[in-house]
Amino acid sequence: MRAIVSKKLKTDLETTLFMARAQFEPRTKSEAGQVASFMNLKILLPDGIFARKSNVSLIVAETFEGAFGLLPQRSDCVASLVPGILIYESEGGTEVCVAVDDGVLVKTGFDVHVSVRNAVSGTDLSRLRAVVDEEFLNLFGGRTIVR
């Protein structure tokens, strides 16, 4: 059963990444007059900074409505995050996965701040999904998210 869920999750995230990349059209110019193609990502925890990354070209996060992608040209926004997997792609095309707990994502200009209760990074998507299921969703006595 877990293998099926992991395979479906991976397919859903890959579809979201593909759709986000397909919509990429440089339309916004930075203050210097050049086309902006990267964002700055900061993941914050209650006790400090978990990650600070620059030159991020794509971010995919999970909300109550499902997964969505952020590109540098997207309008400013705020989103309430649910426990899930946050993926970002760096300048070299390297994808990084981070399991995140409840939190908030705020995009202003080319800066994206993600403030969450807990976070764990890794490369194994099924292990990160297990962290979300076992640790984040059960942290406060079995809270559940209905999607």
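Descriptive notes on the structure:
- Looking across the range 63-79, the residues that are crowded, with 17+ Cβ neighbours inside 10 Å, part of a strand (DSSP E or B) and not aromatic (Phe, Trp, Tyr) come down to Ala67, Gly69, Leu70, Ala79.
- Taken over the range 33-85, the criterion of being among the small types (Gly, Ala, Ser) and under 19 Å from Asp101 (Cα atoms) is satisfied by Gly48, Ala51, Ala61, Gly66, Ala67, Gly69, Ala79, Ser80, Gly84.
- Screening the candidates Val35, Val112 for the property of being over 16 Å from Phe136 (Cα atoms), out of contact with any His (no Cβ under 8 Å at 6 or more places or on another chain), among the aliphatic types (A, V, I, L, M) and at pLDDT 95 or above yields one hit, Val112.
- Among the residues listed as Val60, Val82, Val104, Val98, the single one being surrounded by fewer than 17 Cβ atoms within 10 Å (Cβ to Cβ), modelled with pLDDT of 90 or more and in contact with a strand residue (DSSP E or B) (Cβ under 6 Å, 6 or more places away or on another chain): Val104
- Taken together, the residues in the range 64-88 that are free of Cβ contacts under 8 Å to residues at least 40 places away in the same chain and not aliphatic (A, V, I, L, M) amount to 6.
The values are calculated or read from the model by the stated rules, or taken from the named source; none is laboratory data. Keep in mind it's a predicted model, so treat the numbers as computed, not measured. Using ideal geometry, Cβ is built from the backbone for each residue, glycine included, and neighbour counts are taken over all protein chains shown.
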